[in-house]
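Report on one structure; see the data block that follows.
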Amino acid sequence: MPGIDTATLQRLDAAHHLHPFNDNAALAKRGTRILTRGEGCYVWDAEGNKLLDAFAGLWCVNVGYGRKELGEAASRQMTELAYYNSFFQCTTEPTVRLSAKLAELCPHDLNHAFFTNSGSEANDTILRLVRHFWAVQDQPQKNIFIGRHDGYHGSTVAGASLGGMKGMHKQGGLPIPDIVHIDPPYWFGDGGDMDEDEYGRHCAKRLEDKILALGPERVAAFIGEPVMGAIGVYIPPRNYWQEVERICRKYDVLLVADEVICGFGRTGEWFASQTFGFRPDVMTLAKGITSGYIPLGAVMFNDRVANVLSSRGGELAHGYTYSGHPVCAAVALENIRILEEEHIVDRCRTDIGPYLGERWKALAEHPLVGEARFVGMVGALELVPSKSSRAYFPDRGRVGQLCRDFALAEGLILRATNDAMLLSPPLVISRDQVDELAGKTWRALDLTARELGMATG
Ligand code: PMP
């Protein structure tokens, strides 16, 4: 629609577009922000505001905005062969090349890719195929998935059921049967006086207790985000995932890592299982696989699971029209080429990640900040009424929103969950931009504290 003005777009949006994860009536009153352009770590809105995107879209624009090579890869593939499916004995060259590339990049024997359009569909896929894995080995009763309260694994029926968001379960009659949840590691809210190792063991033991309560012969898999994103960047104790792996092996429970946020460099390694030193049997991917330029998700299966599915699984009665879409695969290959050739993940681990971490953790000095957590290129600030206690603000969520709105007015995009401010910038952020980000965050904290009548930093 050439020349259409912002007010008209907002009016049409309010009239015809239902937004995900929004109170649509409230949104229609406020009017949506219309984004028009992106370059590097910045986006511009229709009013001409330039915003530093410290959230990389939705944890996904890892290589930054405006990379022409990605558009060119899509355009080349669309011209050559815009679509073909992976059903009926067929595939396409980019799809095959991406499968092999993922097998090379992913740790140990996660050598087999199943393609989806999104992270949610990737998690739906594991629910079905992992249950099928046990069923074809004469253990159909081994079908229970254990997830975690407050975990996020997507919005489809299985994804939202595997996740532990109570507000999501309330809508649509979830979770579906044979999915149960345990408490996650959340040091700030739950750690008490335990040291890191003790707390890690304590949280992992919740899994063992649940497996024993259900009976190991009933438990198909445990699924978790290595770092829990949407709920507020909960970073587990260092030993947590190794303990979880030990317990899964002991009871022959498959270990599924949801790396939809963590994959492709977010925690300073290609995958968070490398950061935390554990070996998942199955891994789900999306977001950073294409830096969000085009929708794509994938499930990576290890040799054990894939061999059973191939040799005994019969016809896999599961798949999407766009599983392995050649244009999405071509964009993913180009995105991975950029990440590799520009040493972006290495730079996160050795240079910009530590610098960002130092600046982010220094924000803990602000009177409003109860904890500053950070790993790799992802973090959160827990906003509190009083530094000396681990209490929350009474009307949880209000202060986080205030701070988010002040940040936006300063030209910085941060996300707020409850009263935690979440950080997940493009991996290509420069030192100057990190300084800008830290300065604007401090200012937003100051303005929030002033609004609340607290002393400022
Ligand atoms: N898993 C995790 C850990 C996520 O953060 C998300 C999305 N934020 C999903 C799954 C779902 O991915 P999608 O929105 O692509 O369906």
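The values are calculated or read from the model by the stated rules, or taken from the named source; none is laboratory data. Fair warning: this is a prediction, and the values are worked out from it, not measured in the lab. No Cβ is skipped: glycine too gets one built from the backbone with ideal geometry, and neighbour counts run over all protein chains shown.
Is it the case, given these coordinates, that residue 50 is among the charged types (D, E, K, R) and surrounded by fewer than 14 Cβ atoms within 10 Å (Cβ to Cβ)? For residue 50, the condition - among the charged types (D, E, K, R) and surrounded by fewer than 14 Cβ atoms within 10 Å (Cβ to Cβ) - is met. If only residues of region 213-235 that are outside any strand (DSSP E or B) and under 9 Å from the mean Cα position of the chain (by Cα) are counted, the one that is farthest from the ligand (Cβ to nearest atom) is 227.
As a summary of the residue check, residue 11 satisfies the conditions (1) assigned by TED's automatic domain parsing to the domain that holds residue 415; (2) more than 23 Å from residue 401 (Cβ to Cβ); (3) not hydroxyl-bearing (Ser, Thr, Tyr) except for the one numbered (1). One residue stands out among those in region 6-53 that are touching a strand residue (DSSP E or B) at 6+ places or on another chain (Cβ under 7 Å) and touching a residue at least 60 places away in the same chain (Cβ under 8 Å): the one that is nearest to residue 415 (Cα to Cα), which is 53. Scanning region 192-216 for residues that are under 11 Å from residue 236 (Cβ atoms), touching a helix residue (DSSP H, G or I) at 6+ places or on another chain (Cβ under 7 Å) and not aliphatic (A, V, I, L, M) yields 199, 200, 203. Residues of region 390-406 include none that is free of Cβ contacts under 8 Å to residues at least 12 places away in the same chain and within 30 Å of residue 271 (Cα to Cα). Of all residues in region 271-329, those satisfying the criterion of being touching a residue at least 60 places away in the same chain (Cβ under 8 Å), over 20 Å from the mean Cα position of the chain (by Cα) and in a loop (DSSP other than H, G, I, E, B) are 313, 314, 316, 318, 319, 320, 321, 322, 323, 324, 325.
Could you go through region 325-342 and let me know if any residue there is among the polar types (S, T, N, Q), modelled with pLDDT of 95 or more and surrounded by fewer than 20 Cβ atoms within 10 Å (Cβ to Cβ). Taking every residue of region 325-342 in turn, none turns out to be among the polar types (S, T, N, Q), modelled with pLDDT of 95 or more and surrounded by fewer than 20 Cβ atoms within 10 Å (Cβ to Cβ). Scoring residue 439 on the criteria (1) closer than 16 Å to residue 363 by Cβ; (2) touching a residue at least 24 places away in the same chain (Cβ under 8 Å) leaves a single failure, condition (2). Pick from region 128-167 the residues that are within 17 Å of the chain's Cα centre (by Cα) and assigned to a helix (DSSP H, G or I): which of them is nearest to the ligand (Cβ to nearest atom)? Taking the candidates together, the pick is 159. Restricting region 245-258 to residues that are within 16 Å of the ligand (Cβ to nearest atom) and in contact (Cβ under 8 Å) with a residue 40 or more places away in the chain, the residue that is farthest from residue 145 (Cα to Cα) is 258. Answer yes if at least one residue in region 113-125 is within 20 Å of the chain's Cα centre (by Cα), farther than 20 Å from residue 263 by Cα, within 16 Å of the ligand (Cβ to nearest atom) and in the same structural domain as residue 221 (by TED's automatic domain parsing), and no otherwise. No, there is no match, as no residue in region 113-125 is within 20 Å of the chain's Cα centre (by Cα), farther than 20 Å from residue 263 by Cα, within 16 Å of the ligand (Cβ to nearest atom) and in the same structural domain as residue 221 (by TED's automatic domain parsing). Of all residues in region 151-166, those that are within 26 Å of residue 209 (Cβ to Cβ), surrounded by fewer than 22 Cβ atoms within 10 Å (Cβ to Cβ) and not aliphatic (A, V, I, L, M) total 1. Could you tell me whether residue 61 is assigned to a strand (DSSP E or B) and under 22 Å from the mean Cα position of the chain (by Cα)? So residue 61 does not fit the description; no.
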